[in-house]
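Data block below; observations after.
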Amino acid sequence: MTLRLLLVRHGLSSFNLEHRIQGRNDLSTLTSEGEAQAFKTGEELAQIPIHAVYSSPLQRAADTAKNILKAMNKELEPIFDKGLLEVDLGPWSGLTINEVISKYPDAYKTWKKEPKELVLKRNDGSEFKPINQLIEQTRDFLERLLQKHSLGQNETVLIIGHNAILRCLILELIGHPKNGFRRLQLNNSSLSVFNLKPSKNNSFEVQIECLNSTTHLSPPLPRKGKHSRVILVRHGETDWNLEGRFQGQIDIPLNKNGHSQALAAGLFLKNIPLSKAYSSSMTRPKQTAEAILQSHKSLELQSEEGLVEIGHGLWEGKLESEIRKEWPELLQKWQDSPESVEMPEGETIQEVWTRALITWEKICSNLQDEDTALVVAHDAVNKTILCHLLGLTPAEIWMVKQGNGGITIVDISPNDSQPDVVTCLNLTSHIGGIIDSTAAGAL
């Protein structure tokens, strides 16, 4: 039983267009483009059963909710909740970014580097930390939400808010990793999907199914900045994915559907100016990469041994039911605390983490600012890379979903003091929709 949360940032606003700080004031309104973005978001969500809609009461979010529900043609009334108000940036609200930089240069540097440490003054002279205040607001909202929507029922809740409040909500769900606020990006009218399931300790498990999908908008991907970008893809489906067998390092090729997924990924990325391409040396990711590169024939695909899938050892080729009969306690431990398990005659997730990140860092260090590189690998490998980028640990690999043919965008930071940004995660609209319907597989 799962509680699915769909998180949507409001559409393009007048202050967004003018590069002004919005904060908690209600002077910013949706532009005509923002209204169109919201309507397209509603069309994307139209076929998904939604049980409740929560929105910030600020006008730009409320109007986004109105346009989404109009496009969905559903008889739902949004619940306007002050727990979704945007961050209070006090004296900055209404100023352009350049004005803030000019008037508050040191504070702005803190905001960009360590946002939780930013201190502002209210009109009465009292000081406050905006992000810390927002985190408390987020916790209260989430607690009230979970009281109303049980994890024991299959429900889908749509939440419409703002950049900072939604980032804080995401960070609350994944445990507030270090520098987490700057590891994420949320574009106007983007969609993010989180799945919450009951856990054994009366809490809940979180799965990031999708982050910051803008595939329903134009352009379908957030614009690349001034620095290098990596497009990370999981290979297409295999027969063993479909059957739920542990593949590991047995070299199973793509099946017919997997080839179709790879071609769909290639069509989606057709107009992206790729400059380099890397793949695990195994057949299924190489076939996926080759399909994507049909529109980039001048690129040479480079194989990387460090990106091969986790070695499942004696589990390879077996179904979960077969493994449970022979290794019941070890399989349960793998599902509960993967970081503590060494596969029989196989690898640990820490070993995969180490070799995958060495390879990832080697690839990224060889990129120039103008480069966009393609990297195609496997479920466990991609999860370890993404956990690292999100500030998570090997214990949390189940928190990240990677569908067959799913696309992730990572923008590389030019500054060693700042984290790389997971711009989008597990985009699957090109192979079925915003909700990942690819084979569950086995890992």
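Here, each number is a calculation from the coordinates, and none is a lab measurement. The model shown is predicted, which means the values in this text are computed figures rather than measured ones. Counting neighbours? That spans all protein chains shown, and the Cβs are built from the backbone with ideal geometry, glycine included.
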Exercise. Quick one: would you say Gly403 is in a loop (DSSP other than H, G, I, E, B), of a type in the set (Gly, Ala, Ser), within 15 Å of the chain's Cα centre (by Cα) and surrounded by 19 or more Cβ atoms within 10 Å (Cβ to Cβ)?
Worked result: yes
Problem set entry | Residues that are touching a His at 6+ places or on another chain (Cβ under 9 Å) and of a type in the set (S, T, N, Q), drawn from segment 378-407 | Gln402, Asn404
Problem set entry | Members of segment 46-84 found to be surrounded by fewer than 21 Cβ atoms within 10 Å (Cβ to Cβ), among the polar types (S, T, N, Q) and assigned to a loop (DSSP other than H, G, I, E, B), listed by number | Gln47, Asn73
Exercise. Taking into account only those residues within segment 151-186 that are in a loop (DSSP other than H, G, I, E, B) and either among the hydrophobic types (A, V, I, L, M, F, W, C) or without any contact (Cβ under 8 Å) to a residue 60 or more places away in the chain (or both), which is nearest to Ser199 (Cα to Cα)?
Worked result: Leu151
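Restricting attention to segment 285-292, does a residue exist that is within 25 Å of Asn255 (Cβ to Cβ) and surrounded by fewer than 19 Cβ atoms within 10 Å (Cβ to Cβ)? Lay out the reasoning, then the answer.
Narrowing segment 285-292 to residues within 25 Å of Asn255 (Cβ to Cβ): 285-292.
Keeping just the survivors that are surrounded by fewer than 19 Cβ atoms within 10 Å (Cβ to Cβ) gives 290.
Within segment 285-292, one or more residues are within 25 Å of Asn255 (Cβ to Cβ) and surrounded by fewer than 19 Cβ atoms within 10 Å (Cβ to Cβ).
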Exercise. When segment 223-243 is examined, which residues are found to be surrounded by fewer than 20 Cβ atoms within 10 Å (Cβ to Cβ) and either in contact with a strand residue (DSSP E or B) (Cβ under 9 Å, 6 or more places away or on another chain) or among the β-branched types (Val, Ile, Thr) (or both)?
Worked result: Lys224, Gly225, His227, Asp239, Glu243
For this session: Check segment 424-432 and report whether any residue there is buried (at least 23 other Cβ atoms within 10 Å of the Cβ), in a helix (DSSP H, G or I) and of a type outside the set (Phe, Trp, Tyr).
Result: yes
For this session: Please work out which residue is farthest from the chain's Cα centre (by Cα), limiting yourself to segment 306-356 and to residues that are under 21 Å from Pro253 (Cα atoms) and surrounded by fewer than 18 Cβ atoms within 10 Å (Cβ to Cβ).
Result: Leu314
Seminar exercise, completed: When Gly313 is run through (1) in contact with a helix residue (DSSP H, G or I) (Cβ under 8 Å, 6 or more places away or on another chain); (2) on the phi > 0 side of the Ramachandran plot, the failure sits at (1)
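Tell me yes or no: at least one residue of segment 267-285 is in a strand (DSSP E or B), within 24 Å of the chain's Cα centre (by Cα), of a type in the set (A, V, I, L, M, F, W, C) and more than 30 Å from Gln47 (Cβ to Cβ). Show your work before the answer.
In the first step, residues of segment 267-285 are kept if they are in a strand (DSSP E or B); the result is 276-280.
Those still in the list that are within 24 Å of the chain's Cα centre (by Cα) too: 276-280.
From the residues that got through so far, the ones that are of a type in the set (A, V, I, L, M, F, W, C) too are 277.
Subset that is more than 30 Å from Gln47 (Cβ to Cβ): 277.
Taking every residue of segment 267-285 in turn, at least one turns out to be in a strand (DSSP E or B), within 24 Å of the chain's Cα centre (by Cα), of a type in the set (A, V, I, L, M, F, W, C) and more than 30 Å from Gln47 (Cβ to Cβ).
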For this session: Starting from residues that are among the polar types (S, T, N, Q) and more than 30 Å from Val206 (Cα to Cα), keep the ones in segment 1-21 and report whichever is surrounded by the most Cβ atoms within 10 Å (Cβ to Cβ).
Result: Ser13
